[in-house]
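One structure is given below, encoded as structure tokens.
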Amino acid sequence: MRSSTTIPIEVELLFHQPQWTVTQYEGMVAAGILSDKDRLELLFGRVVQQIACSTRHSFCVQELAYFLIRRYGDHFIVRQNKPVSLLGHSVPEPDYVLAALHPDRYRGRKPTAEDVRLVIEVSDATLARDRSSKARLYSLAGIGEYWIINLIDERLEVHTDPRAEVGEYATVAYYARGDNFVSELLGELAVADLIH
């Protein structure tokens, strides 16, 4: 099953018609056809393999958890590597999502674009995917802020002002490790608090 449904995404799935809907994908998970062990995502209707994490990536994600929960856990639900449901054809699992507070904390459903306030991807091996298909997906869904913590170039890439009609962010700003920046959502932050 995996070899026939998993395709490289960097060439890009964006030019293909969706094959699976979120409902069909979730049905495969519920039926046990797909599981957490498969490390898959649904992007633009295609089931794709998640790229294995490097030690550096894992460490950054681990340290970022403490920072985000400590600093923003009273204002948002901080979700780490958990699925979100977007546009009826995609179920990505970003490194982090800050989602709107919800009474049941998303116990019975996945957050949707209306719930998502910020998406963060920590990138080294995933950088091409995060800049292309993931950025396109999040902009099409109208997610206001999307950050790429670029471990290769040691910088933060902040995408804002989504243009859903064309599937891109109008503004992309780049910040070095020693910089401070102002997030539309979170206010002023130091990049050094995010890159580990």
(request) Note down all Cβ pairs under 6 Å where the first residue falls in region 29-52 and is touching a residue at least 24 places away in the same chain (Cβ under 8 Å) and farther than 12 Å from residue 90 by Cβ, the second is assigned to a loop (DSSP other than H, G, I, E, B) and charged (D, E, K, R), and they're at least six residues apart or on different chains. (result) 50/39
(message) If a residue must be of a type in the set (A, V, I, L, M) and open to solvent by less than 10 Å² (accessible area, probe 1.4 Å), how many such residues does region 140-150 contain?
(response) 3
(request) Tally the residues that are under 13 Å from residue 121 (Cα atoms) and in contact with a His (Cβ under 8 Å, 6 or more places away or on another chain), restricting the search to region 63-78. (result) 1
(message) I need a count of the residues in region 54-85 that are under 19 Å from residue 129 (Cβ atoms) and free of Cβ contacts under 8 Å to residues at least 60 places away in the same chain.
(response) 6
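Any residue at all in region 117-139 that is assigned to a helix (DSSP H, G or I), aromatic (Phe, Trp, Tyr) and open to solvent by less than 10 Å² (accessible area, probe 1.4 Å)?
Scanning region 117-139, I find at least one residue that is assigned to a helix (DSSP H, G or I), aromatic (Phe, Trp, Tyr) and open to solvent by less than 10 Å² (accessible area, probe 1.4 Å), so the answer is yes.
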(request) Please determine, by comparing only the residues of region 165-185 that are in contact with a helix residue (DSSP H, G or I) (Cβ under 7 Å, 6 or more places away or on another chain) and closer than 17 Å to residue 118 by Cβ, which one is surrounded by the fewest Cβ atoms within 10 Å (Cβ to Cβ). (result) 181
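Of the residues 174, 169, 146, which is without any contact (Cβ under 8 Å) to a residue 60 or more places away in the chain and touching a Pro at 6+ places or on another chain (Cβ under 6 Å)?
169
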(message) Being of a type in the set (A, V, I, L, M) and farther than 28 Å from residue 86 by Cα is the filter here; which residues of region 161-188 pass it?
(response) 176
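Would you pick out the residues in region 104-128 that are of a type in the set (Ser, Thr, Tyr) and on the phi > 0 side of the Ramachandran plot?
Across region 104-128, the qualifying residue is only 106.
The values are calculated or read from the model by the stated rules, or taken from the named source; none is laboratory data. The model shown is predicted, which means the values in this text are computed figures rather than measured ones. With ideal geometry, Cβ positions are generated from the backbone for all residues, glycine too; neighbour counts draw on all protein chains shown. The area values use the complete protein model at the heavy-atom level, side chains included, leaving out ligands, DNA and RNA. Shrake-Rupley method; radii C 1.70, N 1.55, O 1.52, S 1.80 Å.
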